[in-house]
Amino acid sequence: MSGFSHFMNFFIRFFSIVLSSVKVMLAHPRVQKVLKQHQRFFAFLRKRLDRASFSGFPMTILSILFLYVFFLFLGMVFDVMFAEKIVNADVRIAHFFAYFRTPQLIKFFIWVTFLGKWQIVGGFIAAVSIILFLWEKRDYIIYFWPVLLVGELFTYLGKLATHRIRPANPVYFEDSFSFPSGHSVVAMVFYGFLGYFLIRKLAGWKQKAVVFF
C-alpha cells in the first residue's frame, strides 16, 4: 500500500472518529437545551456546513480562504511598496534570469503566458459557462463570474496602489504596471475554479489528487 493510501485511510478514520464524537456531544441533554434556545443561530451554522449545497460548506471554506488571501495580499502590497530589500531582490532576480534566456525557453514561457491572457482565458470561460448552463449547474455560474470580476478589480486597484514598473528588458511587453499580475490572477481564478469543479465531480481520491496537483 502506497504512502498516499495510508494517509487517506488515516484521514478517513480520523474524520469518522471526529464525526462520532460530535454526534455523541450533540445528543447530550444540555447541548440539546442550548440548541433549542438558539435555533436560528445553529440553523445558520447548519446551512454553512451543508456539503450538498455550493452555498453551504464549499462557500464557507472559500470565504475563509478569500479572507486569508486578501490579508496576505495586503501584506505583499505593503512589502512591495515599502520594503527596500524586497524591491532590490526583485531587480536582481530579473537581471539574473535574463542571462538564461534562450529561444526555446522564451517560446515555451510565452505560451504559458498566453494561458493567463484574457483573450485566451475569456474563450475558455465562455465555453465552461455554456457547458455549466447546459448541465443545469447554474449555481456554479452565479459564484464563478463575481469571483472573476472581483479578482480583476483587486488587480486593478493593486496596480494603482503599487505603481510597480516592469523590468527594463522584457521579452513580453505589457502597458500596465507589473504588480499584481493580471495574468496570474485570471489564471488562478479560472483554472482554480475548473480544478475545484472537477474535484467535486470525480469519485476517486486518486483522481481528485491528480486534478489538485
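The values are calculated or read from the model by the stated rules, or taken from the named source; none is laboratory data. Just so we're clear, the structure is a prediction, and the values are computed from it rather than from any experiment. Here the Cβ positions follow ideal geometry from the backbone for every residue, glycine too, while neighbour counts run over all protein chains shown. Note: accessible area is taken over every heavy atom of the protein model, side chains too, but ligands, DNA and RNA are not part of it. Shrake-Rupley method; radii C 1.70, N 1.55, O 1.52, S 1.80 Å.
Legend: helices of the chain (whole DSSP H runs) are marked when their alpha-carbon atoms reach 30 angstrom or more along the helix axis and their mean Kyte-Doolittle hydropathy is at least 0.0; marked are 3-26, 57-82, 138-162.
Here the chain has 72 percent of its accessible surface on carbon and sulfur atoms, given a 1.4 Å probe and all protein chains in place. By the rule of a C-alpha distance below 12 Å, with chain neighbours fewer than 8 residues away ignored, the aspartates and glutamates paired with Lys159 are Asp175.
Excluding Tyr172 itself, calculate the net charge of residues whose Cβ lies under 15 Å from the Cβ of Tyr172, where each Lys or Arg counts +1 and each Asp or Glu counts -1.
Details: positive: Arg101, Lys107, Lys117, Arg166; negative: Glu174, Asp175.
Once all neighbours under 15 Å are counted, the net charge is +2.
The residues neighbouring Lys201, those whose beta-carbon lies less than 11 Å from its own, together hold a net charge of +3 under the Lys/Arg +1, Asp/Glu -1 convention. Where (i) 134; (ii) 147; (iii) 207 are the candidate values, the label of the one calculated here for volume of the Cα convex hull per residue in Å³ is (iii). For Phe190, the shell of other residues with beta-carbons less than 14 Å away shows a net charge of 0, using +1 for Lys and Arg and -1 for Asp and Glu. Per residue of the chain, the DSSP helices (runs of n ≥ 4 H) give a summed -39500 (n - 2.57) that works out to -26000 deg cm²/dmol at 222 nm.
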